[in-house]
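Q: Have a look at the structure that comes next, please.
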Amino acid sequence: MDKVIDIEERIPTLREKRRKRTNFKFIFLLLIFLITLFLLLYFQSPYSKISKVEVNGADLVGAEAYEKQSGLQTGDSIWGFKANDIEDTIGKDYWIKDVQVKRKWLTTVQIEVDEWETVAYLSLDQKLYPLLANGDVFKESSKLKPIDAPLFLNFEDEKVRRRLLKELGKLDKNVLSMISQINSTPSNSNPFSITLFMNDGYEVRAEVTSLADKLNYYPSIVAQIENDGTNQKGIIDIEVGSYYKSYEDEYAPFSNDSNKEESGEGEEEVITDEEATSP
């Protein structure tokens with residue numbers, strides 16, 4: 001026969017369950033109230049406002065330009081903008097490689113810009129402009145920041161200019177640092193012909209398409225010339241082979257050249273690839 005449970009025996013258990021449910025509802029409602037109150041107070045406080053816009057990496061243009069472009073102002077809500085929208089706006093500039101917008105601490109917005117590096121100066125219309133690593137010419141400002149970079153002259157052809165930048169990117173850094181100026185000297189037969197003026201006083205005649213492969217041997221070529229007892233600076237031609245001729249022989253008056261040719265002087269010195277690469 002089933003056991004009969006008196007309702008009076010169950011009342012304490014029911015009361016306890018009802019009390020727990022009531023306490024849970026009360027605590028839940030209290031938490032909702034406190035969170036809502038906190039949010040209301042937070043959004044009314046200075047801690048939800050932008051107090052500072054920090055721009056890092058600005059070099060080609062001032063930090064103020066990026067801040068203005070972002071549309072952010074002190075006093076605006078720190079949550080009232082989308083970082084992706086600002087990144088897309090600033091990233092449209094051709095001199096921008098990458099940009100990131102972050103909320104930092106409580107009231108600071110940080111804009112990190114990564115500009116394309118200035119790798120040379122380009123002479124156009126009797127003015128100097130920074131030439132960027134992506135091949136674009138920066139014309140937004142007339143202010144030039146002194147850098148250790150070569151000067152490009154007569155490079156109106158963008159195709160040749162971009163190919164030259166690609167070749168320079170393949171050079172050893174110590175060789176690249178030795179270049180002072182590069183002139184475009186095209187001919188009817190070779191539109192890629194160039195002349196380089198080096199910091200150590202030599203002049204190099206080369207071709208853009210094979211520049212990196214050959215100019216990386218420049219220190220060895222110079223060492224070979226100087227080891228042969230040559231005390232004169234001159235012209236190193238690496239367009240086809242490797243030839244050297246002193247400035248005195250190259251630029252002497254025609255009459256003197258004739259006399260030197262008769263006496264066997266003034267001839268070009270041929271430098272083989274084996275000599276150039278030998279220690």
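Q: With respect to the numbered conditions (1) at pLDDT 90 or above; (2) farther than 19 Å from Asp114 by Cβ; (3) loosely packed, with under 11 Cβ neighbours inside 10 Å, which one is the sole condition not fulfilled by Lys92?
A: (2)
Q: For the stretch 77-118, what are the residues that are more than 15 Å from Asn56 (Cα to Cα) and part of a strand (DSSP E or B)?
A: Matches in the stretch 77-118: Ser77, Thr118.
Q: Please tell me if Ile86 is within 30 Å of Tyr42 (Cβ to Cβ) and of a type in the set (A, V, I, L, M).
A: Criteria met by Ile86.
Q: Residues that are at pLDDT below 85: which helices (runs of 4 or more DSSP H) entirely in the stretch 194-279 hold 2 or more of them? Spell out how you get there, then give the answer.
A: On the way: elements: 211-215, 218-227, 247-251, 254-263, 273-277.
Helices (runs of 4 or more DSSP H) meeting the threshold: 247-251, 254-263, 273-277.
Q: Has the stretch 233-253 got any residue that is surrounded by fewer than 19 Cβ atoms within 10 Å (Cβ to Cβ), in contact with a strand residue (DSSP E or B) (Cβ under 7 Å, 6 or more places away or on another chain) and among the polar types (S, T, N, Q)?
A: Yes.
Q: Considering the stretch 135-161 alone, what residues qualify as being within 15 Å of the chain's Cα centre (by Cα) and either surrounded by 14 or more Cβ atoms within 10 Å (Cβ to Cβ) or hydroxyl-bearing (Ser, Thr, Tyr) (or both)?
A: If the condition is that a residue be within 15 Å of the chain's Cα centre (by Cα) and either surrounded by 14 or more Cβ atoms within 10 Å (Cβ to Cβ) or hydroxyl-bearing (Ser, Thr, Tyr) (or both), then Gly135, Asp136, Val137, Phe138, Ala149 are the ones that fit.
Q: Looking only at the stretch 119-132, decide whether some residue is surrounded by 15 or more Cβ atoms within 10 Å (Cβ to Cβ) and either part of a loop (DSSP other than H, G, I, E, B) or of a type in the set (Asp, Glu) (or both).
A: Checked against the condition, which is being surrounded by 15 or more Cβ atoms within 10 Å (Cβ to Cβ) and either part of a loop (DSSP other than H, G, I, E, B) or of a type in the set (Asp, Glu) (or both), the stretch 119-132 yields no hits at all.
The values are calculated or read from the model by the stated rules, or taken from the named source; none is laboratory data. Note that the coordinates shown come from a computational prediction; the quantities given were computed from them, not determined experimentally. Heads up, the Cβs are rebuilt from the backbone with ideal geometry, glycines too, and the neighbour counts pull from every protein chain shown.
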